[in-house]
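A.B. asks: The structure under discussion is supplied below as structure tokens; questions concerning it will follow.
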Amino acid sequence: MENMEKTSIIKNVIMTANQYIFNKNNSNMILFQHQLDVLLGITSRGSDLKFFHPRNLLPTECLTVIIDILSETNDMKPSLVIKCLQLLRNLASEKEIRESFHESFNLTPVLVEIVKHNSGVNPLCMESLHLLQRITYGHKMVLQETYVQDLLEFIISHISDPAEDTTQVCLGLLVNLCKDNFAVQSHLKNMECSKDLRKTLLKHIMGAESSLDFIIYSFSVVTSVWLHDLEYDRIFKPSNMNQWFKSIFNIILKGDTWMSRRYGVDVFKEILKDGQIQAEFSKFSRLSAYIDGILKLIPSSTPETVVMVFELLLCFCSIEGLRGLICRSVMSTLDLGVRLQFSDMLIGPVNQVKEPLLAIVHWANQSPNTHEEAPMYALDFLTEIYEELIYSNTRLKYSVHADLILPVLLSSLNSEVDIDSEMCMPKKQCQKKVKSLQLLSVLSGEDDIRKKMVALFSPSVYTELLDFQLTNNRVTLHVSNVSVGAEDWSEDGVHIVIFCLELMSKLRKYMPNLDGLFCSLLQDSKLVPFLSAGLTSQDRTVLQTALQLFTIGTTLEAFPTVLIGDSMASCNARKKEAVENINTTAVTPGLLMKSMRTPSNSYNSTADFSRFSNGDQEASVQAIIDKMQTGLEVKDINRSEIIDIYEHKIQGYQTKENHLQDLLDAKTLALSQADRLIAQYRSRRAQYEAEAHKMRKLLKESELESEEHRERLNEIMLQKEKLSVELEQLSQEYQKLEHVAEEHQQLTTAYSDITQRYESSQKTLLSLKQELKTLTEMHEILQKHNESLKQQHDLASEQLSKLQEERKILSKQLKEKEGKLQEITKKYTKLESEFEKTEKERTELEVGLDKLRDKVNNTEQTKKQLQQQVSSLELVCKQHEADLLSKDEQIKELRTNLEKHTQIAALIHSLSSGKSESGASITK
């Protein structure tokens, strides 16, 4: 339903745009603006833009109409142009649509014309420049084009003044024009204002108040134009490189916009091509800290930023010595104890994952239909990491990661490739399968991971992969249901077959029944086009793996070596023919109708060429067949060998015939699609004529209605006088409404105050929620403490009961002692008299006691000193005892060794005595 709504909205935009082109009045412009607003609302929500892919007919027509309108900006209002530019800018967030703007729809010169006619700082010029910056990124511009020269003049004139609002965008555009473009770089060097431009760029780089965007844009221009010049050796000298590295890392980690981060990564990729800068970069002191910061961006960023991070990390991995550092930083934060929760972590969103490795695997698990490039880069980065781990000494520690990665790779291989749906991208799905197979081949180099792989993967995984390619790939020359304009994923399918066979060759010794399956597949003739395509591939890794498979196959008996040679020759011929034949190039959206008319002619020309080139060969073959039938003997050659040779040639001709038949089917499909387009055009034309007929009828009806309206006008004039009286009454009511409006303004101010209070209350609510969490945690702690207190209470109650029993016993003892007290009181009276006598004696004794106390203090001090000496002597004794124990053990060992030696000596003595006795007996 959503796609139907979107197609209806696009149709409405096309219809209103055509109405505005044919009749540029205000009503048509308002209708067109309304439809543009609806389309802007759909594209600016961050929704999926695949429905607007240029391969589809309706979006192509819509974009061509909008760009045609933009090319006639002289007769348009700026508000309409800005809306068209905003729509194109929203669509430019999709990579393929953005590339088609420059390559197919030729939008760049149109935007340059808009900038030329609106050179002042206004919203129209700024919107055009921002769109130009996004479109021209990654494209090489031709300096000889007039619009490129005009754009360069505009950019250079606005870069010199940093106070202008367009300076930052112009710097970004200059970066796009200079990147990998020698003509533009030499033009900038040879300009009259080249020195002024360099000074302004250096001011932006060195300026303390410059923003991060200014610094990275200026640094990008300097590196692309003047990196290898002698004048700029002082900028790129080793003492300055650490500062540049810090600033570029800070821009990537804390950039103002995504474009500034993107240019920061591009600068790293450019400057690290230089050997001296690579050496300085590997010595950079804070490199590990910055790599940790970049890895933390993976779980907390958008897919575009994640792709940028992976590009940067892969660039670092290509530098010698840095891959191990990156690998250690990835593995240092991973907790190996949580591997049971791996599957749960991959189900949730990526921003809930903290560990970089889990986030990388999370991105690798994503579908290429939703995230085109992020899963591919994640798999490439995982391949680099595990190559470093497996081929280093630390591989045994990290084999547990197979529990995390192998299920992800298995689901990637088992996922179906939808080749019929327009919304799916089979090419990206095949590329993900290729990268998954490459990672599996790397993981198979470790014994523990290989065991887990053998237990998890069944042979049906490989057979399903290969069967799908053998039945649906265009390389097999038996596929007829190929739609024109669809993605060509045949080359990626060849890579799937090659790397799948390579993985099977590595695992066939360890997996049961896989060796026989692998040998039977290599001997199957259906595999011939795939091996020949791999052996003629331009990719080095594919060619090497295909050669390894070919060498394995040559050891088998039924390996089709001759068929592979013929297929390789036909592949090379097809490639040469594709280069020479212009009609077989890819169909672009701008030349759709033109390419639809050419297939029949191209087919006829190829057929005539094949007849002309193969006529002599057919005549010679026919002559040899006639000679063999008449019984003429051919010298030095066996007839069976001749028959085998010509059977192989006939098979080669059959493959060529099948290829031509597939081309013919594709051309007929293109013709049928062209017929459908013509039928659609005719039906639309009939609809437009019917609508025009309706419009004529409506015009006549409107003329009749206008006459009736004139009669009504007279009546209305009479009513006007009556309404004047009512107007006076309404003026009084208007004054009342003004009072109401003042009250409304007061209410709005009160409402604003309430909203502020509401926001503050929300903030307090959030803080209270956090406090609630902490209180709940405290409550749990207190509950645990309460349980411990209960246990203590039980113990205390038991002790109380015991104390009560003791209290009873003590009360009895008290009564007994009270009786004794009475007796003691009697004795006390007697003692008082004696006490008075003793007090006198006590005073005399106290004097003697004071003297004795002084002597006691002296003796206590001497006692403490002696105790300290005794403790130290005890420690020394303990040490001596430990040494004596160790020496006793050594003596015991020596005694055992002595006993062994004595036994050995006794044995030797006995043996020697036996020999001597035997010798004496012999002499006798």
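A.B. asks: Could you go through segment 370-387 in sequence order and give the Karplus-derived ³J(HN,Hα) for each residue, using 6.51 cos²θ - 1.76 cosθ + 1.60 with θ = phi - 60°, rounded to whole Hz, and x for Gly and Pro?
C.D. replies: Whole-Hz 3J(HN,Hα) from phi for segment 370-387: 9, 10, 5, 9, 4, x, 5, 5, 5, 5, 4, 5, 4, 4, 5, 5, 6, 4.
A.B. asks: Pop out the carbon and sulfur fraction of the accessible area of segment 52-105 as a percent, whole number, probe 1.4 Å. Walk me through the numbers on the way to the answer.
C.D. replies: On the way: 850 of 2030 Å².
C and S fraction of accessible area: 42 percent.
A.B. asks: Between E777 and E834, what is the label-to-label distance in nm when each label sits 7 Å out along the Cα-to-Cβ direction?
C.D. replies: Here the answer is 7.4 nm between the modelled labels.
A.B. asks: Quick one: which of K179/K203; K50/K140; K269/K509 span more than 32 angstrom between C-alpha atoms?
C.D. replies: Details: K179/K203 21 Å; K50/K140 26 Å; K269/K509 42 Å.
Over 32 Å Cα-Cα: K269/K509.
A.B. asks: With θ set to phi - 60° and the Karplus curve 6.51 cos²θ - 1.76 cosθ + 1.60, what are the ³J(HN,Hα) couplings of segment 51-68 in order, to the nearest whole Hz, using x for Gly and Pro?
C.D. replies: Coupling constants for segment 51-68: 5, 9, 5, x, 5, 7, 6, 5, x, 4, 5, 5, 5, 5, 5, 5, 5, 5 Hz.
A.B. asks: Arrange the peptides 425-432, 76-83 so that the one whose residues have, on average, the most other Cβ atoms within 10 Å appears first.
C.D. replies: Details: 425-432: 22.1, 76-83: 15.8.
Going from most to least packed, we get 425-432, 76-83.
A.B. asks: While we're looking at this one, here's another question. For segment 540-555, in order, what is each residue's ³J(HN,Hα) by Karplus, 6.51 cos²θ - 1.76 cosθ + 1.60 with θ = phi - 60°, in whole Hz (x at glycine and Pro)?
C.D. replies: 5, 5, 5, 5, 5, 5, 5, 5, 5, 5, 5, 5, 5, x, 5, 7
A.B. asks: With +1 on the Cβ of every Lys and Arg and -1 on the Cβ of every Asp and Glu, and nothing else charged, how large is the dipole of segment 750-803 about its Cα centre, in debye rounded to the nearest 20? Before the final figure, lay out the partial values.
C.D. replies: Values: 7 positive and 8 negative charges, 9 e Å.
Dipole of segment 750-803, to the nearest 20 debye: 40 debye.
A.B. asks: Let me ask you something else. Could you order the peptides 794-804, 122-132 from most to least packed, using the average number of other C-beta atoms within 10 Å per residue? The partial results should precede the final answer.
C.D. replies: On the way: 794-804: 9.9, 122-132: 20.5.
Packing proxy ranking, top to bottom: 122-132, 794-804.
A.B. asks: Let me ask something else. Rounded, prolate or oblate: which one fits segment 28-115, using the alpha carbon gyration tensor with axes a ≥ b ≥ c (rounded when a/c is under 1.5, else prolate when a/b beats b/c, else oblate)? Write down the numbers at each step before the final one.
C.D. replies: On the way: a/c = 1.71, a/b = 1.18, b/c = 1.45.
Because a/c hits 1.5 or more and a/b fails to exceed b/c, segment 28-115 counts as oblate.
A.B. asks: Same structure, new question: Please report how far the C-alpha centroid of segment 86-142 lies from that of segment 507-576, rounded to the nearest whole angstrom.
C.D. replies: First find each Cα centre; the distance between them is then 47 Å.
A.B. asks: Further question: Just read off the accessible area of H117 with the full protein assembly in place, 1.4 Å probe, to the nearest 10 Å².
C.D. replies: 110
A.B. asks: Using label points projected 7 Å from each Cα along Cα→Cβ, tell me how many nm separate D675 and V579, to one decimal.
C.D. replies: 3.7
The values are calculated or read from the model by the stated rules, or taken from the named source; none is laboratory data. If you're wondering where the values come from, they're calculated on a predicted model, not measured in any experiment. FYI the Cβ positions are ideal-geometry reconstructions off the backbone, even for glycines, and counts take in every protein chain you see. The area values use the complete protein model at the heavy-atom level, side chains included, leaving out ligands, DNA and RNA. Shrake-Rupley method; radii C 1.70, N 1.55, O 1.52, S 1.80 Å.
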